[in-house]
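Just so it is clear, none of the values below were taken in a lab; they were calculated from the coordinates. Keep in mind it's a predicted model, so treat the numbers as computed, not measured. Reconstructed Cβ throughout: ideal geometry from the backbone, glycine too, with neighbour counts over all protein chains shown.
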Amino acid sequence: MTEQAQWTEVCALADIIPNAGVCAKVGSAQVAVFRLVSPQGVEEGVFALGNFEPKSQANVLSRGLVGDLGGVSVVASPVYKNHYALTTGACLEEEGLSVPVYAVRVVEGLVLVGAAV
């Protein structure tokens with residue numbers, strides 16, 4: 001049996017404040033969706049990670065601060081300030097901590113997050 005991506009509409013891209021996150025339910029998972037925009041106003045991408053932060057054991061990543069740490073786009077957990085890479089979900093401070101990464105696409109101004117079925 002092969003897995004297919006099921007796409008869930010989360011919100012309009014314009015509903016996500018630049019360089020901030022929102023939380024959405026995708027299937028049974030809470031997903032943190034982030035929109036990165038350069039200081040010049042250029043869209044740099046939309047990323048989705050699991051919202052559950054493993055160190056604090058809380059669903060908080062969508063409330064974290066996004067930024068760049070050593071050339072890696074990250075979100076900093078609002079609880080313990082660990083940084084999670086937006087592309088891989090890996091924690092930069094603690095090897096072995098990570099969060100799931102979800103596929104994201106923007107179609108006609110709508111943000112869609114993919115979850116395996």
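Could you pull out the residue among 56, 62 that is touching a residue at least 40 places away in the same chain (Cβ under 8 Å), small (Gly, Ala, Ser) and outside any strand (DSSP E or B)? If you could, list the steps in order and put the result at the bottom.
Numbers: 56 fails: touching a residue at least 40 places away in the same chain (Cβ under 8 Å).
Testing whether each residue is touching a residue at least 40 places away in the same chain (Cβ under 8 Å), small (Gly, Ala, Ser) and outside any strand (DSSP E or B) leaves just 62.
Hey, can you tell me all the residues within segment 19-43 that are within 19 Å of residue 112 (Cβ to Cβ) and either of a type in the set (Lys, Arg) or surrounded by fewer than 14 Cβ atoms within 10 Å (Cβ to Cβ) (or both)?
Once the filter is applied, which keeps residues that are within 19 Å of residue 112 (Cβ to Cβ) and either of a type in the set (Lys, Arg) or surrounded by fewer than 14 Cβ atoms within 10 Å (Cβ to Cβ) (or both), segment 19-43 yields 25, 27, 28, 35, 43.
When segment 43-100 is examined, which residues are found to be in contact with a Phe, Trp or Tyr (Cβ under 6 Å, 6 or more places away or on another chain) and aromatic (Phe, Trp, Tyr)?
The answer is 47, and nothing else.
Quick grid of which residues meet (1) of a type outside the set (S, T, N, Q); (2) closer than 18 Å to residue 12 by Cβ; (3) surrounded by fewer than 14 Cβ atoms within 10 Å (Cβ to Cβ); (4) over 12 Å from the mean Cα position of the chain (by Cα):
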{"position": "46", "(1), (2), (3), (4)": "yes, yes, no, no"}
{"position": "53", "(1), (2), (3), (4)": "yes, no, no, no"}
{"position": "56", "(1), (2), (3), (4)": "no, no, no, yes"}
{"position": "70", "(1), (2), (3), (4)": "yes, no, yes, yes"}
{"position": "76", "(1), (2), (3), (4)": "yes, no, no, no"}
{"position": "81", "(1), (2), (3), (4)": "yes, no, yes, yes"}
{"position": "88", "(1), (2), (3), (4)": "no, no, yes, no"}
{"position": "92", "(1), (2), (3), (4)": "yes, no, no, yes"}
{"position": "95", "(1), (2), (3), (4)": "yes, no, yes, yes"}
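Six or more apart or on different chains, Cβ atoms under 8 Å: show the pairs whose first residue is in segment 77-96 and touching a residue at least 40 places away in the same chain (Cβ under 8 Å) and whose second is of a type in the set (Ser, Thr, Tyr).
Matching pairs, first to second residue: 86/73; 87/73; 89/98.
With the condition kept exactly as written, say whether any residue in segment 52-68 is closer than 18 Å to residue 16 by Cβ and touching a helix residue (DSSP H, G or I) at 6+ places or on another chain (Cβ under 7 Å).
The answer is no; no qualifying residue exists.
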